[in-house]
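The structure under discussion appears below in the form of structure tokens.
The values are calculated or read from the model by the stated rules, or taken from the named source; none is laboratory data. For clarity, every value in this text was computed on a predicted model and none was experimentally measured. A quick note on method: Cβ atoms are made from the backbone with ideal geometry, for glycine too, and the neighbour counts reach across all protein chains shown.
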Ligand SMILES: [Ca+2]
Ligand SMILES: [Ca+2]
Ligand SMILES: [Ca+2]
């Protein structure tokens with residue numbers, strides 16, 4: 001007995017309207033798209049697209065039915081990554097372009113197979129592609145609206161609580177910030193599932209990609225402004241969690257205030273400008289031995305600037321001493337001395353042996 005063939009009706013031509021399967025009618029399946037899904041997931045060897053038409057459907061029925069069943073099985077376990085937004089991006093925090101972040105958001109459940117994806121960038125002309133991250137693992141959170149947080153290592157300097165990113169990215173080159181593009185793609189970079197372009201007419205590269213997340217497959221035109229990098233504000237997708245892309249120009253806007261980023265576990269991080277480290281504990285405009293004495297008196301305890309807390313941690317400890325050393329001879333704060341004079345020998349002895357030892361020597 002021949003098993004029941006799943007009734008399917010290939011869409012004529014290429015798989016231009018990739019949104020069909022996600023949007024509902026299971027009898028209207030874009031078969032090459034289903035094959036690509038499996039290929040992206042590494043479940044089957046690379047297969048070339050095959051032309052299908054209704055005349056050859058009976059010949060291809062069994063093979064097609066098996067492939068379709070496998071594809072639907074893949075859907076059943078929700079193992080995919082394609083239905084994803086580039087939700088929020090910042091190119092730098094308060095001018096520090098080494099602190100960057102990209103937040104993705106799942107447009108449906110089961111989009112956590114990030115090992116099959118990658119995030120890339122191109123410059124204003126659409127050239128000189130940079131692999132920002134190949135997102136080399138899968139994530140636990142896979143519900144509609146779940147986020148994927150990808151940051152540079154320095155991004156954690158600007159969050160209100162200790163940052164936990166899902167992936168660490170290479171920095172987007174600063175020269176790409178005026179006009180450029182970030183794309184969410186499969187691992188090989190052969191298919192773009194979402195793109196975000198900025199810089200208005202300054203961006204001259206392609207804005208097209210798969211129609212999985214944008215019905216006409218064109219994410220352009222770009223937003224008119226540069227990628228934000230000189231404040232705490234990020235560029236934020238304005239649509240709902242399951243929304244498709246329309247155009248970057250219509251879809252994105254700056255956050256109203258300090259951006260809030262969220263990781264896959266649902267933890268949120270609000271951007272903040274950290275207090276400037278200063279070892280000028282007596283606030284007389286110079287970091288010197290008098291400041292060291294203040295630190296020494298309170299080392300190991302709690303306190304504020306006047307007690308020797310250089311990094312505003314609430315504690316007076318070795319981290320504050322390290323800041324004092326780095327700022328010795330300067331005015332403190334950001335104006336760290338370019339040439340740090342060596343502390344005199346008595347102080348160096350204290351640095352080596354710590355506050356307790358100094359107290360024993362009666363230097364207090
Ligand atoms: Ca579009
Ligand atoms: Ca001082
Ligand atoms: Ca401290």
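Data table
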read-out	value
Residue satisfying condition, being at pLDDT 95 or above, more than 16 Å from ligand 3 (Cβ to nearest atom) and outside the structural domain of residue 106 (by TED's automatic domain parsing), within set 328, 252	328
Residues of region 119-139 satisfying the condition of being within 13 Å of the chain's Cα centre (by Cα) and within 25 Å of residue 225 (Cα to Cα)	119, 120, 121, 131, 132, 133
Residue pairs meeting the criteria (Cβ under 6 Å; at least 6 apart or on separate chains; first farther than 24 Å from residue 321 by Cβ, in region 267-284; second within 14 Å of ligand 2 (Cβ to nearest atom))	none
Breaking point among (1) surrounded by fewer than 22 Cβ atoms within 10 Å (Cβ to Cβ); (2) within 14 Å of ligand 3 (Cβ to nearest atom); (3) over 21 Å from residue 161 (Cα atoms), for residue 311	(3)
Output for region 271-280, where each listed residue is farther than 30 Å from residue 89 by Cα and either near ligand 2 (Cβ under 6 Å from one of its atoms) or surrounded by fewer than 19 Cβ atoms within 10 Å (Cβ to Cβ) (or both)	280
